[in-house]
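What follows is a set of notes on a single structure, which appears directly below.
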Amino acid sequence: MRAPFSSLFAGRPRRAPAALALFVAAMAAMPLVAGDYLLSVLILVLFAAYLAQAWNIMMGFAGLLSIGHALYIGIGAYASAALFVHYGTSPWIGMLAGVTIAALAGAAIGALSFRFKVGGVYFALLTIAFAEFTRILADHFGWIGASSGLFLPVANRATSDVWHLRGAPVMFYYLLLAAVLALLALGRLLLGRRIGYYWQAIREDEEAAKALGIDVFRCKLAAVTLSAGLTAVAGVFHAFYYNNLYPETIFAIGRSVELMLPAIIGGLGTLFGPILGAFLLTGLSEALTNATADWGIDGLKQLLYGLVLAIVVVLRPDGIWPWIAARLGLGAAPHPPASRVPPSARERSEGALPQGQP
Amino acid sequence: MLLANILVAGLLTGAVYALMALGLSVIFGVIRIVNFAHGEMMVLGMFGAWALNRFLHLDPLWAMPLVAAALFLAGYALQRGLINRFVARPEHMQFLLMLAIAIMLTSAMLMGFGPDARNVQLDYAFDSYDLGGLLVDKVRVLAAGGAVAGAALLWAFFRFARTGKAIRACADNYLGAQVVGLDVKRLYAITFGIGAACVGAAGSLMLLLVDVHPYLATDYTLLAFIIVIVGGLGSLGGALLGGLLIGLSEALSGFFIDPSMKSMFSYGLLILVLLVRPQGLLGRRL
Amino acid sequence: MTARPLLAVDGIAKRFRGLRAVDGVGFDVPQGGIVALIGPNGAGKTTVFNLIAGVYRPDAGRIFLDGADITGLRPDQICKAGIARTFQIVRPFGGLSVLDNVVVGALRQTADLAAARRAALAILERLGLAAKAAQPAHALTLPERKRLETARALATRPKLLLLDEVMAGLRPVEIDGMVAVLTALCRETGLTILLTEHVMRAVMALSHKIVVLHHGQKICEGPPAIVARDPQVLRSYLGSVGRHGGGVAVPC
């Protein structure tokens, strides 16, 4: 059995490790040269990359479409923030609590859906429903500030207290960078194991996967639980970076949708796609904000953003990373799900709700 | 008596919800595309009726057929030109495309109409009928009447019109429809147009009841989903039943508990139905 | 004492909305044998397969593997018990490479990826797909996909292999190649095979025993030479012409 680190590059062309090392070095050196604005944008990029990677485990690897991941961000954020505000508990301990609750919530939603054979679009809608349900519940939950919000004491930006996550943006930058890289390594590790192969098999064809002895229920449950728990970690950083939480924004369906986009645009099921997608989309959004601010037209930024999204979807349905990787000679990351389904998939999608039918 | 008033108001609003949800149900039932831009189309219909009222002084009730016709054409073109390429793509790609369309629609409306809430001034806005102590708002009766008329028209179309029957054949058996020489592309475009017309008509009627602003869209999209799934996808009666149920549930939870919690009960109902009877209350077993 | 059959199917029945798809069918598959399940379209062959593979639960009857009752187990449990199957309408993992398709099967026996790859490659070699190992599965031709299905199922190292019309659509030369591969596998590894097939050429060449289904019921069972001469079989299945032996492919 290979050591986890070397397996990160297993089966890749030689250029890949060098490119990755270059990327890590450049990201690590960034705070030395970047100003406050650039650093804040890069933090947004890292948040987006991390969340997309965590979501990608469910959708990209196992083919489970969740449009309710804001639920897990919110759980992580509120659990750690409320414990800190009420008892002064370290956010790292709060993270433990948040991750556990989020993983349990994910497991419960998954278990209910998969037991009752809710799949496809219906599963996606169910994830939305649970997130929205929780949002409204949180709006009326006094202990976490309800709809008027939960606020953390503003940090002293001069010193960095890592144990309590109080400090300068650069501290968050490095923590998030470490989290993104750790998730990248985890993704590679998982894809090289039995579970990774099983997830991909389930993503491609559930019936065929069953026939090969794969316990589909347990594998899917593992994907949801893992993805939910990892997503909650980002929620903790979110809470302590922004210092304020409102159910209205943290559990918003818009957030669930936004966090999927880098993974889809970058390349579903790939390891580096979500990171690339995060750079592209955050960069695009910032560039549009700056450009359209001068013209003072409400909504123009969003219009252009939507247009770019539509163009990418039409022209590069597999995402941008596989396309770039092939051109850079980095080797396409492990097989993305087929974006063009064979005609028989029409029948299958209609069977999204199998009702014990023959 | 107060309770009765609230129940009736909820039911009448629910009828408009039902027409909106019918549009979604028709599109998903036939084309199998999940229209995540449905709420945006609803708000577009509301703004259309608002503009007709503002500039041509048309009553939203009379604006309804015009708005429906305009949205039919827009929906037809959209399906023909763009969405049809995505019919056989995986769900997440369809979702992304509809999302891009939704974002563009919302921002276009933001640019066109601004972020403020708009309403129509009607001389009968505060009239109500007194039915032996039961007070019913006139606008609600008119809106519900319009919605029922729209739904009846839709039912007649699918039941009696040649094209309507062809579309039904398409929904039942895609391959078979192609084999017998139906122009599936055209039928899909017509179907999307009809779905858009329904939601446009519902938007016009809704303007009688609420103010319109661009950010309403997401709520309507989710509401339409809830109704369609609770009632049963692809079932006309299901959409009607779902709309009335959600209208009732919103009215009751708003009255007894807290208006801000009304949609929580709708989501609760959705979760319950998805888990216990995923084909919906009136849906056929898939 | 006679040897215990590897698979014993005892009076299984399945109804779909009142229609009796399979009605009290029973037969044995001896250890190391090749048994063919034949019959006209709609005779219930695929339903019998799905009942054995755990896709459906039989309304009546029992199924034993190596003496153990496997009736009503889930498909993945059936596979773990030692039965692998192919699908009549092939279901490759389209986005995965040909090799990875088979690796998924091979991971049934080992959690070590390197070992699974070696096993998968050996099986691909055997089925003549090694040259295509790196290609995505959706790029394969239909005959290649059928072989991939067989390779993937074999990779789980089953005691019993269920082959659902893997010869359909193959050219005669390819059929002979597949027949050779399967016979060799049985001889060398003691694999047992239950297959359904419309290609009579393959059925006659491969099977030690034939079970004939008609309208969901077993109408005949025996060695190929006997079954091919059975008047009831000829009437119901081969039509009016009584040519037996090679080359008769019943139209689908």
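The values are calculated or read from the model by the stated rules, or taken from the named source; none is laboratory data. These numbers come from a predicted model, not from an experiment. Note that we place each Cβ from the backbone using ideal geometry, even for glycine, and neighbour counts take in every protein chain shown. Heads up: the accessible areas ignore ligands, DNA and RNA and are worked out on the full protein's heavy atoms, side chains in. Shrake-Rupley method; radii C 1.70, N 1.55, O 1.52, S 1.80 Å.
If you scan the stretch A:105-122, which residues turn out to be more than 9 Å from chain B (Cβ to nearest Cβ) and at pLDDT 90 or above? The answer is A:Ala105, A:Gly106, A:Ala107, A:Ala108, A:Ile109, A:Gly110, A:Ala111, A:Phe114. The set of residues in the stretch A:206-251 that are β-branched (Val, Ile, Thr) and away from chain C (no Cβ under 14 Å) comprises A:Val224, A:Thr225, A:Thr231, A:Val233, A:Val236, A:Thr249, A:Ile250. Taking the conditions (1) open to solvent by 10 Å² or more (accessible area, probe 1.4 Å); (2) of a type in the set (Val, Ile, Thr); (3) touching a residue at least 60 places away in the same chain (Cβ under 8 Å); (4) more than 14 Å from chain A (Cβ to nearest Cβ) in turn, B:Val199 satisfies each one other than (1).
Only a single criterion out of (1) over 25 Å from C:Arg201 (Cβ atoms); (2) surrounded by 17 or more Cβ atoms within 10 Å (Cβ to Cβ); (3) at pLDDT 95 or above is not satisfied by C:Gln77, namely (2).
Quick one: in the stretch B:178-187, which of the residues that are open to solvent by less than 60 Å² (accessible area, probe 1.4 Å) and within 19 Å of B:Arg85 (Cβ to Cβ) is farthest from the chain's Cα centre (by Cα)? Of everything passing the filter in the stretch B:178-187, B:Val184 is farthest from the chain's Cα centre (by Cα). Among the candidates B:Ala156, B:Ala152, B:Ala117, B:Ala69, the residue that is exposed (fewer than 15 other Cβ atoms within 10 Å of the Cβ), at pLDDT 90 or above, in contact with a strand residue (DSSP E or B) (Cβ under 8 Å, 6 or more places away or on another chain) and more than 25 Å from A:Tyr122 (Cβ to Cβ) is uniquely B:Ala117. Between A:Gly269, A:Gly277, A:Gly235, the distinction of being within 19 Å of C:Gly94 (Cα to Cα) and either in contact (Cβ under 8 Å) with a residue 40 or more places away in the chain or under 17 Å from the mean Cα position of the chain (by Cα) (or both) belongs to A:Gly269 only. Among residues of the stretch B:100-118 that are facing chain A (nearest Cβ under 8 Å) and in contact (Cβ under 8 Å) with a residue 60 or more places away in the chain, those with a Cβ under 7 angstrom from a residue that is surrounded by 21 or more Cβ atoms within 10 Å (Cβ to Cβ) and β-branched (Val, Ile, Thr), sequence gap 6+ or separate chain, pair up as B:Met109/B:Val43. In the condition set (1) closer than 28 Å to A:Asp139 by Cβ; (2) free of Cβ contacts under 8 Å to residues at least 12 places away in the same chain; (3) not acidic (Asp, Glu), B:Arg277 is compliant with all but (1). Applying the condition of being polar (S, T, N, Q) and open to solvent by 30 Å² or more (accessible area, probe 1.4 Å) to the stretch C:100-136 and asking which residue is farthest from the other protein chains (Cβ to nearest Cβ) yields C:Gln135. Where helices (runs of 4 or more DSSP H) fall wholly inside the stretch A:271-358, the ranges with 3 or more residues that are away from chain B (no Cβ under 14 Å), open to solvent by 20 Å² or more (accessible area, probe 1.4 Å) and at pLDDT 85 or above are A:273-293, A:320-328. Selection of the stretch A:152-185 for residues being surrounded by 15 or more Cβ atoms within 10 Å (Cβ to Cβ), without any contact (Cβ under 8 Å) to a residue 24 or more places away in the chain and over 19 Å from A:Ala77 (Cα atoms) yields only A:Ser160. Name the pairs whose Cβ atoms lie under 6 Å apart, with the first residue in the stretch A:244-265 and under 17 Å from B:Met93 (Cβ atoms), the second surrounded by fewer than 24 Cβ atoms within 10 Å (Cβ to Cβ) and among the β-branched types (Val, Ile, Thr), and 6 or more positions between them or separate chains? Filtered contacts from the stretch A:244-265: A:Ile265/A:Val312. List every residue pair whose Cβ atoms sit under 7 Å apart, with the two residues 6 or more apart in sequence or on different chains, where the first one lies in the stretch C:100-114 and is without any contact (Cβ under 8 Å) to a residue 40 or more places away in the chain and the second, anywhere, is hydroxyl-bearing (Ser, Thr, Tyr) and in a helix (DSSP H, G or I). From the stretch C:100-114, the pairs are C:Asp100/A:Tyr197; C:Leu107/A:Tyr197. Against the condition part of a helix (DSSP H, G or I) and open to solvent by less than 50 Å² (accessible area, probe 1.4 Å), how does B:Trp50 come out, does it pass? For B:Trp50, the condition - part of a helix (DSSP H, G or I) and open to solvent by less than 50 Å² (accessible area, probe 1.4 Å) - is met. If the condition is being more than 16 Å from the chain's Cα centre (by Cα) and of a type in the set (Phe, Trp, Tyr), then the stretch C:1-47 contributes only C:Phe16. Within the set C:Arg147, C:Arg157, C:Arg117, the sole residue that is on the phi < 0 side of the Ramachandran plot and under 19 Å from the mean Cα position of the chain (by Cα) turns out to be C:Arg147.
Put simply, of B:Leu222, B:Leu241, B:Leu233, B:Leu269 the only residue that is over 27 Å from B:Asn119 (Cβ atoms), within 14 Å of chain A (Cβ to nearest Cβ) and either assigned to a helix (DSSP H, G or I) or open to solvent by less than 10 Å² (accessible area, probe 1.4 Å) (or both) is B:Leu269.
Quick check on the stretch B:82-99: of everything there that is at pLDDT 90 or above and within 7 Å of chain A (Cβ to nearest Cβ), which residue is farthest from B:Thr221 (Cα to Cα)? The residue in question is B:Leu97. The residue that is farthest from the other protein chains (Cβ to nearest Cβ), counting only those in the stretch B:129-148 that are of a type outside the set (D, E, K, R) and either over 24 Å from B:Gly10 (Cβ atoms) or open to solvent by 60 Å² or more (accessible area, probe 1.4 Å) (or both), is B:Gly132. Taken over the stretch B:202-216, residues that are in a helix (DSSP H, G or I) and either open to solvent by 10 Å² or more (accessible area, probe 1.4 Å) or more than 11 Å from chain A (Cβ to nearest Cβ) (or both) amount to 7. For the stretch C:85-99, filtered to residues that are more than 7 Å from chain A (Cβ to nearest Cβ) and not in a loop (DSSP other than H, G, I, E, B), the residue that is surrounded by the fewest Cβ atoms within 10 Å (Cβ to Cβ) is C:Leu99. Pairs linking a residue in the stretch A:70-94 that is aromatic (Phe, Trp, Tyr) to a residue that is open to solvent by 10 Å² or more (accessible area, probe 1.4 Å) and part of a helix (DSSP H, G or I), with Cβ atoms under 6 Å and 6 or more positions apart or on different chains, are A:Tyr78/A:Ile144.
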